[in-house]
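In what follows, a structure is listed as structure tokens, so that the remarks can point back to it.
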2 protein chains.
Amino acid sequence: MKEILPKFDSTFSIDCVVFGFDEGELKILLIERNEEPFKDWWALPGNIVGEVESLDQSASRILNELTGLSNIYMEQYYTFGDVNRHPQGRVVSIAYYALLRLGGDKAVKPISTYAKQAHWINVKDLPRLAFDHQQIFDKGLEKIKRRIKHQPIAFELLPEKFTLTQLQNVYEIILNKKLDKRNFRKKMLSFGVLRDLQEKQQGVSFRAATLYKFDKRKYAKLFEKEISF
Amino acid sequence: MKEILPKFDSTFSIDCVVFGFDEGELKILLIERNEEPFKDWWALPGNIVGEVESLDQSASRILNELTGLSNIYMEQYYTFGDVNRHPQGRVVSIAYYALLRLGGDKAVKPISTYAKQAHWINVKDLPRLAFDHQQIFDKGLEKIKRRIKHQPIAFELLPEKFTLTQLQNVYEIILNKKLDKRNFRKKMLSFGVLRDLQEKQQGVSFRAATLYKFDKRKYAKLFEKEISF
DNA sequence: GCAACATATGTACATTTAGCCTCTAATTTA
DNA sequence: TAAATTAGAGGCTAAATGTACATATGTTGC
């Protein structure tokens, strides 16, 4: 009867698909690797999990090191564990997606040395990716497409104050289909979780739109009903 | 610039929440542990990932060793990686749920020595579980509750030939709410993926019900439309 | 002042969902 | 053997939601 865990040489890492929404485009954050294997290749941000970190803590640290940001909305969505997915040994990767509101200065200056540079790339213009990162991306995109229909994750991609047109753009880009403005607005307002701020956009040409906020508290009360967005 | 992965002592395992549907009850398969830690405790089936196995292969092997069955429907749903979740060291557990059709001989005779015995337990009557297995179970149940609304996983819990009453029972048990027989039947038949076998149940009291089969091929054609069950 | 642009909204109809009871067919019981 | 019991099977209606569509309003720019 064994009381010591049988082990083989292995480790586990985090890989993140970081989505940002910027000027009507859905983008992800890619890094240019500064280390072997796949040196100079584009890859998803990621790193080995810390010895005394939980998975969530590692994921947060990894993104913080890369973007300087904290309190990023992220969810674990799949674990990739094929035997030969990493050239240097058995590495199991727990994949997260993160959703970021882009605005202001979008330049990302990586703090870590493992990334030479980082860029926001339109999801429709992805280069060839290192490792199995294309698969990791594909599954992450599929997951947010599915989840956006049933949970209010779109708001994580928008500033705290947003317009209904911006919200609709997020849905259209992610669902990859045109939505009717009248029906979209009617439906979103019917949920009763958008607060009309009685403010207008500033500094835009032509008619300024009304600004709204997503009322998380109101939504939480309705949570068990799992309404469909 | 390191070219060798930094590692610490760790391993990864698989834990399975195996759901079975039996006589109007949703049950899970629990094992009584035969090894420390938590010897003699009830726990979810699980084991260490094999050195040359993918995660899916490990999960299938683990269930096959326990039940003798193969081709079990299973899905990975979450990875648990808290630092101290295992008393003997850092163990990351990739959790799967499996859905089994129970019938005939339901006795489970574990082949592996790490399980003293295995039993099907009603999900409403669970004993105290080893490790963080209560959390693993809770999240698995939540996941199948959510998924059953949008994907035809209920059929994995039924025999190949089933009645609409049996199907309704599955939905009622998992969603934990009473459904109207007339509306349920109308809706399920309206999807056009249930094939009326023109056969009746045998060996039942009173009026025998019509038997149906789930037409996976027809469903696959509709897949991208993601209809709601 | 008018054209252009963007926001904002209302109406009609179709589809789905919710709520409900009675008929039919079979077995069991008196 | 007929009546009672049980389970399957189905139709109708109102409410809610979804779909399709065009015009009014408010602002800037020329």
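The values are calculated or read from the model by the stated rules, or taken from the named source; none is laboratory data. Worth saying up front: this structure is predicted, and the values here are computed from it rather than measured. Cβ coordinates were reconstructed from backbone atoms using ideal geometry, including for glycine residues, and neighbour counts include every protein chain displayed. Just so you know, the surface numbers come from the protein's heavy atoms only, side chains and all, with ligands and any DNA or RNA stripped out. Shrake-Rupley method; radii C 1.70, N 1.55, O 1.52, S 1.80 Å.
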Quiz item: Given the conditions (1) away from DNA strand C (no atom under 16 Å from the Cβ); (2) of a type outside the set (Phe, Trp, Tyr); (3) touching a residue at least 24 places away in the same chain (Cβ under 8 Å), and given that B:Glu199 satisfies all but one, which numbered condition is not satisfied?
Solution: (1)
Practice problem: Name the single residue, out of those in the range A:42-54 being without any contact (Cβ under 8 Å) to a residue 60 or more places away in the chain and crowded, with 22+ Cβ neighbours inside 10 Å, that is farthest from the other protein chains (Cβ to nearest Cβ). | Solution: A:Gly46
Quiz prompt | Conditions (1) touching a residue at least 40 places away in the same chain (Cβ under 8 Å); (2) surrounded by 22 or more Cβ atoms within 10 Å (Cβ to Cβ); (3) within 14 Å of chain B (Cβ to nearest Cβ); number of the one not met by A:Gly81 | solution = (1)
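Take the conditions within 30 Å of B:Asp40 (Cα to Cα), touching a strand residue (DSSP E or B) at 6+ places or on another chain (Cβ under 8 Å), open to solvent by 40 Å² or more (accessible area, probe 1.4 Å) and within 14 Å of chain B (Cβ to nearest Cβ) and apply them to A:Lys39. Does it pass?
For A:Lys39, the condition - within 30 Å of B:Asp40 (Cα to Cα), touching a strand residue (DSSP E or B) at 6+ places or on another chain (Cβ under 8 Å), open to solvent by 40 Å² or more (accessible area, probe 1.4 Å) and within 14 Å of chain B (Cβ to nearest Cβ) - is not met.
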Exercise. Can you confirm whether the range A:111-134 contains a residue that is in a loop (DSSP other than H, G, I, E, B), within 16 Å of DNA strand D (Cβ to nearest atom), among the polar types (S, T, N, Q) and surrounded by fewer than 17 Cβ atoms within 10 Å (Cβ to Cβ)?
Key: no
Quiz item: Restricting the range A:15-26 to residues that are at pLDDT below 95 and assigned to a strand (DSSP E or B), which is most open to solvent (accessible area, probe 1.4 Å)?
Solution: A:Glu25
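Just for the range B:27-46: of the residues that are outside any strand (DSSP E or B) and of a type in the set (Phe, Trp, Tyr), which one is modelled with the lowest pLDDT?
Ranking the qualifying residues of the range B:27-46, first place goes to B:Phe38.
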Self-check item: Residue that is within 15 Å of DNA strand C (Cβ to nearest atom) and of a type in the set (Phe, Trp, Tyr), where the choices are B:Phe191, B:Phe137
Solution: B:Phe191
